[in-house]
Amino acid sequence: MDAEPLIIGYGWPLNSIEAREYVYTCPALKGMIPRSVSVTTDQAEYISSGIPVVVPRKPKSKGNFCVCVQAVYGTVDPYRIVEWMELQRILGVSLVGVYVLSAPQVVRKVFRHYSDEKFVDLRTIDYIYSSHKNDDEFWLHLTPAINDCIYRHMHEFKRIVVVDFDEAIVPRKHRSLAQLVGYLEQITDAPNFAFRNNYFFLDLTTADRTVSKYVKFLRYRYKVAPSGVGYAEKSIIDPQACTNMHNHCCLGVTANYTASGNTASVEPDIALSQHYKKCHFSETECEMMMRNKTKDDVLMPFKVILIRKVEQKIKEIMGHGI
């Protein structure tokens, strides 16, 4: 059968050849589920291997929210993972899909803990070549992890959130993601929602030292102006509608949803993708952005419960208090 390649990434050189990430889709024969599939360039080409077909679970009732993150690689702060997981729970997330490309053992320990609790669907993802020569090759593995997660859980959850571990989509007028999405579904027919990026720079703001260093969402509350539409935005999608997902937005929708458009941009006074990191722009740009910084206490209503949950988990996983 002819397959239609759908772009999911920007590509990266692999062994001096430009490679790019795709999702391949092809029609299935009615009433038949293949055991494996192969990708070839010619119908007469000899098939030496097949990719096993995994049929996604279809429970009788769906959960509300699953988070799919890009593949984990390099150095990751295990304490920030703990804080991030607990905030997602507070906001109403039921499952997080995590694909580990490379990570220190202490980070894997955190993921295993949440996997044991059935809050994380923990998987590994390998480099395309086991003897990868360039550490930058991780770029080719990020969005495939997101799309695999979406297709695995597309029938289990009504909505899938796509963010990174240094971000959180935070409602500004609602107490949960369920309330937020319920409101958005009333004002737009678009199946997917994109949220403006808002930086909270960790190296340029004054930390609230009354809050533990392990709770950065509350410790750093000064932000710059929200980024423009389309820049580093993050999304909440309908997994029945989105065919191919980039790290930031859905790139294509199924035929049943084409009349409704693809993605609605959410106004920043309704919700934002709050992004906590060091400023990665030039020193001049960072200084200019910080001139208009404002204090944002939108997460403070969750202070007591978030600190309690983070403290409990750090004791359980790391063996010490905060």
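The values are calculated or read from the model by the stated rules, or taken from the named source; none is laboratory data. What you see is a predicted model, and the numbers here were worked out from it, not measured in a lab. Here the Cβ positions follow ideal geometry from the backbone for every residue, glycine too, while neighbour counts run over all protein chains shown. Keep in mind that these areas ignore ligands, DNA and RNA; they rest on the heavy atoms of the full protein, side chains included. Shrake-Rupley method; radii C 1.70, N 1.55, O 1.52, S 1.80 Å.
For the chain, find the longest principal axis of its Cα atoms and tell me its angle to the long axis of helix 78-91, 0 to 90°, nearest 10.
Compared with the principal axis, the helix lies near 90 degrees.
What base-10 log of the normalised intensity I(q)/I(0) is obtained for the stretch 213-268 from the Debye formula, alpha carbons as equal point scatterers, at q = 0.27 Å⁻¹?
-1.10
Taking the chain as the reference, fit the longest principal axis to its C-alpha atoms, fit the long axis of helix 142-153 to the helix C-alpha atoms, and give the angle between the two in degrees, 0 to 90, nearest 10.
80 degrees
Run the reach check for LYS60 against lysines, Cα to Cα strictly under 16 Å, same-chain hits fewer than 8 apart removed. What comes back?
Counting by Cα, and skipping residues close in sequence, LYS60 has these lysines nearby: LYS158.
Out of HIS320, ALA241, SER176, whose Cα points farthest toward the positive end of the dipole of the chain (charges: +1 Lys, Arg; -1 Asp, Glu; placed on Cβ)?
HIS320
Report, to the nearest 10°, how far helix 105-116 tilts away from the longest principal axis of the Cα atoms in the chain, using its own Cα long axis and a range of 0 to 90°.
The angle comes out near 80 degrees.
From largest to smallest, what semi-axes in whole angstrom does the stretch 1-151 give when each is the square root of 5 times an eigenvalue of its alpha carbon gyration tensor?
They are 30, 23, 13 Å, listed largest first.
Taking all protein chains together and a probe of 1.4 Å, list TYR231, TYR220, TYR114 from the most accessible to the least accessible.
Per-residue accessible area, sorted high to low, gives TYR231, TYR220, TYR114.
Between ASN244 and residues 5 or more places away or on another chain, which pairs have amide H atoms under 5 Å apart, with H built 1.01 Å from N, and which residues are they?
Counting only residues 5 or more places away or on other chains, the set is LEU251, GLY252.
Let me cross-check CYS249: its accessible surface, 1.4 Å probe, with only protein heavy atoms counted, in Å² to the nearest 10?
CYS249 has an accessible surface of roughly 30 Å² with all protein chains in place.
Taking amide H atoms as placed 1.01 Å from N in the peptide plane, list the residues 5 or more away in sequence, or in a different chain, whose amide H sits under 5 Å from that of THR25.
Sorted by chain and number, the residues that satisfy this are GLU4, LEU6.
Looking at the P(r) of the chain, how many percent of alpha-carbon pairs lie beyond 35 Å?
23 percent
Which value, in Å² and to the nearest 10, is the accessible area of GLU311 when all protein chains are kept and the probe is 1.4 Å?
The accessible area of GLU311 comes to roughly 70 Å².
Report ³J(HN,Hα) in whole Hz for each residue of the stretch 178-184, in order, from the Karplus equation J = 6.51 cos²θ - 1.76 cosθ + 1.60 where θ = phi - 60°; Gly and Pro get x.
With the stated coefficients, the stretch 178-184 comes to 5, 5, 4, 5, x, 5, 5 Hz.
Add -39500 (n - 2.57) for each DSSP H run of 4 or more in the chain, then divide by its residues: what number comes out at 222 nm, to the nearest 500 deg cm²/dmol?
-7000 deg cm²/dmol
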